[in-house]
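K.L.:
Below you'll find the structure I mean.
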Amino acid sequence: MTEHILHPRITDTSDWVTILFIMAFGIIALTKSIYENRFEDFTKLIFSDKYTRIYRDSSHLMGMFSISLFFVQIISFSFFIQILLNSFGHGAKTDWILFIQIFTFLIYFILSKFLIEKIIGTTFKIEELVEQFNLQKVTYRTYVGLLLLPIDIILYYYDSILKNIPLLVLYSIVALNVLLYMFSIKNYRKEIFSKLFYFILYLCTLEIAPYYFMYYWFTKNSV
């Protein structure tokens, strides 16, 4: 009688990451095929302001183009945060549960911040300015998220990359976001200066305080 020995099936824990990247690029490809002209203008965002001039209406924020790329940027930023945590020894880059936690937190954080922005904009009677300003921020953040996606792939699949490279990428992202943020302020400087006091309150409440507390919490728990 032949004896059968059962061996546990070993699955690659990185399979979910590959599927995730394929899904992200699939969403990009689908969006490009549906909104070909708009996507082409979007890819030239860093060289031209044509996209922001054409799609400056706040209604575009809830369109399928923005929503589909919103999920891509969340995937991109979530995985980059996971890579950073892995480089600091706070988690594994193959931990899909950790990714879901980061992904959920980012969605909750961004949507909650967006809702509070609308409430404050209505309260301070600067709703139109906040919506226009927020639309441009979302546009630039999405653009940075798409640029970050191939970097995520390189950082994940090449273990020989120096440990401080993810940190350098983080500093680059922060610097780029600051520049784009200043560019957004420049575009709406007339509207901002006409309601400068309320804009400063908005800036301190929603654009500085949340990130400061997140940084403080992370550095405190890292000690």
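K.L.:
Can you pull out every residue in segment 56-75 that is among the small types (Gly, Ala, Ser) and not in a helix (DSSP H, G or I)?
P.N.:
Within segment 56-75, GLY63 is the sole residue that qualifies.
K.L.:
Tell me which helices (runs of 4 or more DSSP H) are completely within segment 1-55 and hold 2 or more residues being under 24 Å from SER184 (Cβ atoms), at pLDDT 90 or above and hydroxyl-bearing (Ser, Thr, Tyr), or say none if there are none.
P.N.:
Ranges flagged: none.
K.L.:
Restricting attention to segment 57-102, which residues are of a type in the set (Gly, Ala, Ser), open to solvent by 30 Å² or more (accessible area, probe 1.4 Å) and on the phi < 0 side of the Ramachandran plot?
P.N.:
Answer for segment 57-102, where residues must be of a type in the set (Gly, Ala, Ser), open to solvent by 30 Å² or more (accessible area, probe 1.4 Å) and on the phi < 0 side of the Ramachandran plot: SER58, SER59, ALA92.
K.L.:
I'd like the full set of residues that are in contact with a Ser or Thr (Cβ under 7 Å, 6 or more places away or on another chain) and either over 12 Å from TYR156 (Cα atoms) or of a type outside the set (S, T, N, Q) (or both), limited to segment 91-101.
P.N.:
PHE99
The values are calculated or read from the model by the stated rules, or taken from the named source; none is laboratory data. Remember, predicted model here, so these are calculated numbers, not experimental data. Cβ coordinates were reconstructed from backbone atoms using ideal geometry, including for glycine residues, and neighbour counts include every protein chain displayed. The area values use the complete protein model at the heavy-atom level, side chains included, leaving out ligands, DNA and RNA. Shrake-Rupley method; radii C 1.70, N 1.55, O 1.52, S 1.80 Å.
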